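Notes follow once the structure below has been shown.
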Amino acid sequence: MSYGESWGRYPKTNSTLHPVQWLHEPIKFESDKRYLPYGQGRSYGDCCLNDAGVLLTTNGLSRIISFDRQTGVLRCEAGLTIDEVLRVIVPAGWFVPVTPGTRFVSIGGAIANDVHGKNHHTSGTFGRHVLAFELLRSSGERLLCSPQQNTELFRASIAGLGLTGLITWAEIQLKPIKNAGIEMESVRFSDLEEFFQISGGSEKDFEYTVAWLDCVSSGSAFGRGIFMRGNHSAADAKQCRASRLKLAVPVDAPGFALNRWTVQAFNSCYYNKQRQKSVRSLVHYEPFFYPLDAVLDWNRIYGRRGFFQFQCVLPPTAGKTALSDMLREIVASGNGSFLAVLKEFGDLPSPGMMSFPRPGVTLCLDFANHGEKTACMMKRLDAMTREFGGAMYPAKDAWMTADNFRRYFPCWQEFSKFIDPAFSSSFWRRVSA
Amino acid sequence: MQHVLIIGATSGMAMEVAKLYAERKCRLFLVARNSEKLAAVESDLKARGAESVAAQVVNLDETDKHPALVAAARDFLGQLDVVLIAHGVFPEQAKCESDYRLTESVLRTNLLSPISLCTHLANVMQAQGGGTLAVISSVAGDRGRQSNYVYGSSKAGLSAFLSGLRARLAPRGVNVITIKPGFVDTAMTAAIKKGPLFASAANAAAGIVRAIDARRSIAYVPWFWWGIMLIIKHIPEVIFKRLKF
C-alpha cells in the first residue's frame, strides 16, 4: 500500500504506510528502510513526506492516557488531534495552551513542528507547554524525554520534524478557561504602518492577535487589512455555540476557478465587509481560531496541482520596509491568494533547538501552483527572506535551498547528531544535501 | 445515564462508539481478548468522562465462558440499556479456499460466538423488558461474492439469526439492530487499498449510535450502502456469477 500527500499536495511522493495502532506494540524497523512519523498530513510542503520510504501513520494512536481535571495535565497518545482534545477538555474548563490555525493536527505533529498560534507573544510555541513525551528510537529503546530527563533529545525533538524518532505519547499542560467564547475585536487598518501601530498597542491587553492582509491590492489600498484580537471570555454564564454547518469541498476545483479576478474580488469583499473601523463581538472559539476548518478539504480549491504556502519571519532589525518590499513583490506578481496572514511574534524562547518562531513579524500566504512561474516566485521570496536576515518555516515549505536552510537554522549541525539513523524525510534530504 | 456493554471493545469501530458513550457520561463494561489493548481503551474512556468503566479479558471464541461474562456485565452495569457486539475477523479468502480449518475458525468467531452471546443476552434483556442489542454484521452478508464469500457467509448467517431474534424480542420492548457497515478504515481493513467509498471509524460510529438512538432495525453504515446493496442483491445470478468482485 502506498500513499503520501501533504496539505499543499506538492510534491507528489510514494511511500509505504505502516500504521501504528497501539502504544505497547513494538515496531520492527528494517535496516534498509527509512522511516518518518506521519500524523494528519497537515504540514504543507515535504516535511511530513518520505519519498520511497516508510510513513509511520499515527492516526490509530488516538487515546487519552490520563486527564487531570483539577490540574489540567493531559497525557495522550501522539496521534490524537487537537480537535479531539478540545472536544474533551473544553467542557471541563480547559483549553490547549497554543493552537495552530487548524485543529486537525496531531499532538505529535504539533510538537515535531513546534507550532505557534495567535498567542505567540504571550505564550510562545507549543513546545513550551510540553511536560514530557516518550520517544521510540529505531533501536527499540523508549526514552522518556522532559526538561529534566534526556534533555538534549527533548530539545531536539521539539521542532525536530519527526527525525529524532517516533513520539508515542506526550504530556501537555492545558490552560483554564471559563467557557468556549472569545471576546474579539476586529480593527481595519489602511496600511502596514497602521498595522504595526495596532499590533504594538494590542500586545499587552490581548492574548490573541493576528491580521488578515490584502495581498493583491496596490496603490492606495496597498498593505490594508483587518486586525483581529481577542481574549477568552471571562463571563461565567454566557453560552457560545459552534456552528453545526459542515461544508466540504467534494472534488478538485478546475484550474480556472482561482484566478486574478476571483482573488481580487474576494480580497475587496473581505476588506469591505466590515464598514466600521472596529467591531467587537463574542464568538465561539472555532470560527476565531479555525475559520478554514469550517470547510473540510479546502485545499481542493487549488485543484490537483496543489499550492504552496510561504511563511517567513522578518527580524525587527530588517525594519518595516522589508515587509513592504516583500509585499510589493507579491502584489506585483499578481499571484497572491486570499489567505494572507500577518502577526508579530514575541520573544519567549522555545525549548526546541530548531524552532522557527523568533522575534519579528511573520507573513504567511498561499500561492496556487501555476508551475514554473510560481516556482520562481517562491525562490525569489526565499532569497528576500535571507537577504533581510529572516527565516522560513519548514512546516510550510517546499522550496528553501539547502544553503538558506542552514542560514535560517544555524544549529542544524548540532541537531543532526540527534537524528535517528533509521529516520529521514523528503524535506531533510532536500535541505541537508 | 445509559448502561452500555461493548463486546469486542478494542475493534476500530467499537472504540469510536465507546468514545461517544463516554462523552455522554455513561457507565461502560468492556470485553476484549488482549489485556494491554483493553487497558489502553479503558483509561481513554475514563479520561473522556465515562461515569465508570470496567473491563474483562475474554477469548470470545470460548463460548462456555459467555454465561459468566454476561452475568459479570449485568452485575457491574445493573441493567443493559445498550449492548454492542463488535468482534470479528476478516480472513484472506484465498487462504480459506485451501484451508477448511481457517474457514471453520472464521465461522466460530464471526457467527457462533455472537450467536452464543445473543442467546444469553436475549434472555437477560427479555426479562428486564427493554434495551437495545446492536450487532455488527456486514454488507458482505447481503450476497456472497467470490472475493470474500467465507467472511460473507459468516455475516449472512448472523444477519439471518438477528432478523429472527428481532421479531422474537420486539414485543418485549427489546430492540435488535443489525448493523451493516460497508468499507470502514480500521485495523481489520488495513490490508485493503482505500477508495472513495471508505468511511472513517468515527463516522461509522456516529451512524451506529444514531441507529441505536432511533431504535432502527437494520442500519447500513454509512447509509448509502443501502442503495449499493439493493443493486447488488438484484443482479441476476446469470450475470452475477461472471462478476469478478
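Where a number appears in this text, it was derived from the coordinates with a stated rule and is not lab data. Please read all numbers here as calculations on a predicted model, not as lab measurements. Every residue, glycine as well, gets a Cβ built from its backbone with ideal geometry; the counts of neighbours run over all protein chains shown.
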Check: Label point 7 Å out from residue B:59 along Cα-to-Cβ: which residues of the stretch B:3-25 have amide N under 12 Å?
Finding: none
Note to self: Taking beta carbons within 10 Å but only from partner chains, what does the mean come to for residues B:37-46?
What the structure shows: 4
Next item on the list: Could you pull out the longest piece of chain A with no exposed loop GluC sites (Glu not before Pro) in it, calling a site exposed if DSSP puts it outside H, G, I, E, B and it has at most 11 other Cβ atoms within 10 Å?
Entry: A:142-433
Check: GNM, chain A, Cα, under 10 Å: largest mean-square fluctuation among A:402, A:112, A:265?
Finding: A:265
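Compute the relative contact order of the stretch A:97-149 as a whole-number percentage, counting only Cα pairs closer than 8 Å that sit 6 or more residues apart in sequence. List each step's numbers first, then the result.
Numbers: 57 pairs, mean separation 15.2, N = 53.
Rounded, it is 29 percent for the stretch A:97-149.
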Checklist line | Estimated translational D of chain A in µm²/s (Stokes, Kirkwood radius over Cα pairs; 10 °C; 1.306 mPa s) | finding: 72 µm²/s
Next item on the list: Output the pairs from B:155/B:194; B:19/B:95; A:33/A:417 with a Cα-Cα distance over 28 Å in this structure; if there are none, say none.
Entry: B:19/B:95
Notebook entry, point to check: Of B:61, B:142, B:75, which is the most mobile in a GNM of chain B whose springs link Cα atoms less than 10 angstrom apart?
Noted result: B:75
Check: What residues have an amide H closer than 5 Å to that of residue A:208, excluding those fewer than 5 places away on the same chain, when H is modeled at 1.01 Å from N in the peptide plane?
Finding: A:230
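Hey, fewest Cβ within 10 Å first, where do B:226, A:94 land in order? Walk me through the numbers before you get to the answer.
Numbers: B:226 16, A:94 23.
Starting with the residue having the fewest Cβ neighbours, the order is B:226, A:94.
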Notebook entry, point to check: Using modelled amide H (1.01 Å from N, peptide plane; none on Pro or chain starts), what sits under 5 Å from the amide H of residue B:56, excluding residues fewer than 5 places away?
Noted result: B:30, B:31, B:32
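Cβ under 14 Å from residue B:216's Cβ, residue B:216 left aside: what net charge do those residues give with Lys, Arg +1 and Asp, Glu -1? Don't skip to the end; give the middle numbers.
Details: positive: B:166, B:180, B:210, B:215; negative: B:213.
Value of the local net charge: +3.
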Margin query: Below 15 Å, Cα to Cα, which aspartates and glutamates can residue B:25 reach? Residues fewer than 8 away in the same chain don't count.
Written below: B:16, B:42, B:44, B:51, B:81
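Sorted from fewest to most neighbouring beta carbons within 10 Å, what does the list B:33, A:128 look like?
Values: B:33 15, A:128 19.
Sorted ascending by nearby Cβ count, the order is B:33, A:128.
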Next item on the list: Between residue A:387 and residue A:294, with labels modelled 7 Å along Cα→Cβ, what's the label distance in nm to one decimal, could you check?
Entry: 3.8 nm
Next item on the list: Taking only Cα atoms and a 10 Å spring cutoff, compute GNM fluctuations for chain A and point out the largest among A:162, A:60, A:41.
Entry: A:60
Check: Based solely on its DSSP helices, what 222 nm [θ] is calculated for the protein assembly as shown when runs of n ≥ 4 H residues each add -39,500 (n - 2.57) and the sum is averaged over all residues, nearest 500 deg cm²/dmol?
Finding: -9500 deg cm²/dmol
Note to self: Cut-off under 19 Å on the C-alpha distance; same-chain residues fewer than 8 positions from residue B:233 excluded. Which aspartates and glutamates are left, in chain and number order?
What the structure shows: B:142
Notebook entry, point to check: Over all Cα pairs of the stretch A:302-433, how is the pair count split among 10 Å bins, expressed in % and running from 0 up to the last occupied bin?
Noted result: 11, 42, 33, 12, 1
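Give me A:116, B:234, B:120 ranked fewest to most by other Cβ atoms within 10 Å of their Cβ, as a rough exposure proxy. Don't skip to the end; give the middle numbers.
Working: A:116 29, B:234 9, B:120 16.
Result, fewest neighbours first: B:234, B:120, A:116.
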Margin query: In whole Hz and in residue order, list the ³J(HN,Hα) couplings for the stretch A:182-193 that follow from phi through the Karplus curve 6.51 cos²θ - 1.76 cosθ + 1.60, θ = phi - 60°; x for Gly and Pro.
Written below: 10, 7, 10, 9, 10, 10, 6, 10, 9, 7, 5, 4
